[in-house]
Amino acid sequence: MANDLVVAPMLVVLASIVAMLALRPRPRAQRVASVAGSLAYAVAVGAVAWLIVLSPDAPGAATYQLGGWAAPFGITFVVDALSAFMLTIAAVVGLAAVVFSVVFVDRANQGVFYHLLFHCLLLGVTGAFLTGDLFNLFVWFEVMLMASYVLVAFYGGPQHTAAGFRYLVLNVVGSVLLLLAVGGLYATTGTLNMADMSRRLADPAAYGIDPAPVVGLGALAFATFSLKAGLVPFQFWVPGAYRSAPLPVAATLAGVTKKVGMYAIVRVYFTVFAGATVGISVPGAAGASPLAFLAPALLVMGSASILVGGLGAIACDTLDEMLAYSSIGQVGFIAVPVAIAAAAPPGSLRRLGLVAALVYALHHALAKSLLFFATAAIRSATGTHRLSDLGGLASRAPVLAGCFFVGSLSLVGIPPLTGFFGKFLVFEAAARQFTASSGLAGGAVIAVVLVGAVLTILYTTRAWTRSFWGRRTPAVEGATVRRSQVAVLVGLAALIVCLGIGFDPVFEFATAAAEAALDREGYVELVGPAGGDGA
Amino acid sequence: MKTTARIVVPIILVLAISLLLQGHNLPGGGFIAGVLTTVAFALIYVAQGLDYLDSGVLGQEVESGAGVFEHRSVTAFRQTFMVGLAVAVASGFAALLFDEPFLTQTFVIVEHLPLYHELEFASALAFDVGVYMVVVGVLLTILSVVGAE
């Protein structure tokens, strides 16, 4: 039954959460169940992606009314290509992170609700990707955040508690803003269902609503989403939180939960707000669609993220701090094509922008989690991840070095790795925007993306030469590399290479996802919010 | 203080249970009932001290040196929220068995009962009971563990 399939990933996670709690007295069984749960999650997501979106006779999208309450009053879950694409990223990174946690986090710590919280994090992410209801999106954000607060402060030392507290305060403020925005949008449009809201905003006269407040309220929501995504100027929580969280969790935070912020921007702006026409003018925004207001803000924030992240990463002393700064920059690389898509008129350039962002998101999730895992493996082998204490790892642990090398090259964008296609599509979008408008802004975007790419080369090269080449330090000399950890790394590295070589299906999937994000009418028709017409 | 607690705690608990039972179509519900129940227990803690539940009610020997996690009441609280979560999730899954969407609820009204005349059995009550147990278990675990520090 394709319909029940929509909630299958969520049900799997719920079942694993109960299992994690029940098996707490038996740590060994809990670890096995955790891996089995994340494997089942990956299978469920794979089934959703294949049976609903990808297979030749698939419907392409499906909805599910929770509890049988009809839209727009009940909570709708929607799987379209965009949701399925994001869920796939979450499933791959989640599975890898759980397996890696089992062999990396020490046993006593794993017993302290670690696996439970990890599955709660997955639950929040799954809900956020599936839901078609704006308030429900807020709820899933909270589920995700509750788990990540505890995971950031997991080790419980002074610096972990401080980072966790900063993360908590910032996100509570962000949640308040998001709640205000959701409440305001409800007051403005009279609905919370995304499809219904989209329908009403496209034809405000028929429903007697004034869409002008959407610009301001959307900006509040946008601020929260970019806080979650860690875009400049909301980037300052990122390094502290990533450094204090257990490294597999940091990989998940960078690879998956940041993407939830980007996903929310795309979904809310392109699928819900895009049809609205607002008759107010803001300096710097051309056009009357809420997308026109998003474009300049997101472009500036994305560009600033690329520069801040890249410059910050060059100056770091430890591998994990470098990766944290790098992920600020990489999210900038996702934001810039989204901004280009928002600025472009509906058509191929808009679609290309979103495809570039999605492919880059996939690439970043894979490469960054590989690098975080590699850092974790280095730390458990040598006891340190300070660049000054490392050196000569390449000859001491060649397989580990090879995996780190693949991750770095993918981050730089060397063919045939997935990172190459991500960078390539981002550059193509920037270049096409330049030829379309040939303004100063277009040139500046290309310049920023180029500088960002050069910075990426610089900091990955620096990390590589410092820690893998050169003379072996005492820490490296006495290192014992764990085979089980390296096995996970090799798996991820192989995935990056395979997806890069067989890139065509990924591109098809991303294109379908971008089209799903842009197909506003299709989304409304799919959910079919029949009720509430008389409002 | 102890006298007040002795009188007030049963009243709060009865009120909590009535809120739990009517929650599916009147003001109330599992969450608020759970919070009220926790308040009753908090009152006991304030009036009688942290060890009272173990030593006075359960009749257990409490070693003063042992951590609060060793208390039998704390173990029970943790089991409560685990079972509660399982009940809530299972009540959602139950709908799938009847080929209905996840979390679908229904109700039956049993009429012609002696004394009660009619009673309503709503499946939402199962979910509410799950929520109630989660709230009670989690809040009391936090309260007792943090209270001990």
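A few comments on the model shown:
- Test: residue in region A:133-140 that is outside any helix (DSSP H, G or I) and closer than 24 Å to A:LEU358 by Cα: yes
- Only one of A:ALA40, A:ALA29, A:ALA19, A:ALA49 that is more than 13 Å from chain B (Cβ to nearest Cβ) and over 26 Å from the mean Cα position of the chain (by Cα): A:ALA29
- Evaluating A:ALA274 against the criteria (1) out of contact with any Ser or Thr (no Cβ under 9 Å at 6 or more places or on another chain); (2) of a type outside the set (D, E, K, R); (3) touching a residue at least 60 places away in the same chain (Cβ under 8 Å) leaves one unmet condition, (1).
- Scanning region A:221-278 for residues that are in a helix (DSSP H, G or I) and of a type in the set (Val, Ile, Thr) yields A:THR224, A:VAL238, A:VAL249, A:THR252, A:VAL256, A:THR257, A:VAL260, A:ILE265, A:VAL266, A:VAL268, A:THR271, A:VAL272.
- Within region A:203-216, tally of residues that are in a helix (DSSP H, G or I) and surrounded by fewer than 22 Cβ atoms within 10 Å (Cβ to Cβ): 7
- Listed conditions (1) within 19 Å of A:LEU178 (Cβ to Cβ); (2) surrounded by fewer than 21 Cβ atoms within 10 Å (Cβ to Cβ) are all met by A:ALA292, apart from (1).
- Candidate set: region B:74-116, residues that are of a type outside the set (Ser, Thr, Tyr), outside any helix (DSSP H, G or I) and surrounded by 12 or more Cβ atoms within 10 Å (Cβ to Cβ); chosen: the one farthest from the other protein chains (Cβ to nearest Cβ): B:PHE107
- The residue of region B:117-134 that is surrounded by the fewest Cβ atoms within 10 Å (Cβ to Cβ), among those that are away from chain A (no Cβ under 13 Å) and of a type in the set (Val, Ile, Thr), is B:VAL129.
- Any hit, region A:321-328, residues being surrounded by fewer than 24 Cβ atoms within 10 Å (Cβ to Cβ) and not aromatic (Phe, Trp, Tyr): yes
- Test: A:GLY94 is within 14 Å of chain B (Cβ to nearest Cβ), in contact with a Ser or Thr (Cβ under 8 Å, 6 or more places away or on another chain) and either modelled with pLDDT of 90 or more or at positive phi (or both): no
- Residue satisfying condition, being part of a helix (DSSP H, G or I), modelled with pLDDT under 80 and not aliphatic (A, V, I, L, M), within set B:SER55, B:SER18: B:SER55
- Search result, residues across region A:389-420 that are part of a helix (DSSP H, G or I), out of contact with any Phe, Trp or Tyr (no Cβ under 8 Å at 6 or more places or on another chain) and of a type in the set (A, V, I, L, M): A:VAL399, A:LEU400, A:VAL406, A:LEU409, A:LEU411, A:VAL412
- A:ALA304 free of Cβ contacts under 8 Å to residues at least 60 places away in the same chain and not in a loop (DSSP other than H, G, I, E, B): no
- Residue within region A:499-516 that is within 30 Å of A:PHE104 (Cα to Cα), surrounded by 13 or more Cβ atoms within 10 Å (Cβ to Cβ) and touching a residue at least 12 places away in the same chain (Cβ under 8 Å) present: yes
- Within the option set A:ALA292, A:ALA297, A:ALA288, A:ALA313, being at negative phi, in contact with a helix residue (DSSP H, G or I) (Cβ under 6 Å, 6 or more places away or on another chain) and of a type in the set (Gly, Ala, Ser) holds for one residue only, A:ALA313.
- When residues of region A:52-73 are limited to those that are within 14 Å of chain B (Cβ to nearest Cβ) and of a type in the set (Ser, Thr, Tyr), the one surrounded by the most Cβ atoms within 10 Å (Cβ to Cβ): A:TYR64
The values are calculated or read from the model by the stated rules, or taken from the named source; none is laboratory data. Just so we're clear, the structure is a prediction, and the values are computed from it rather than from any experiment. We place every Cβ from the backbone using ideal geometry, glycine too, and count neighbours over all the protein chains shown.
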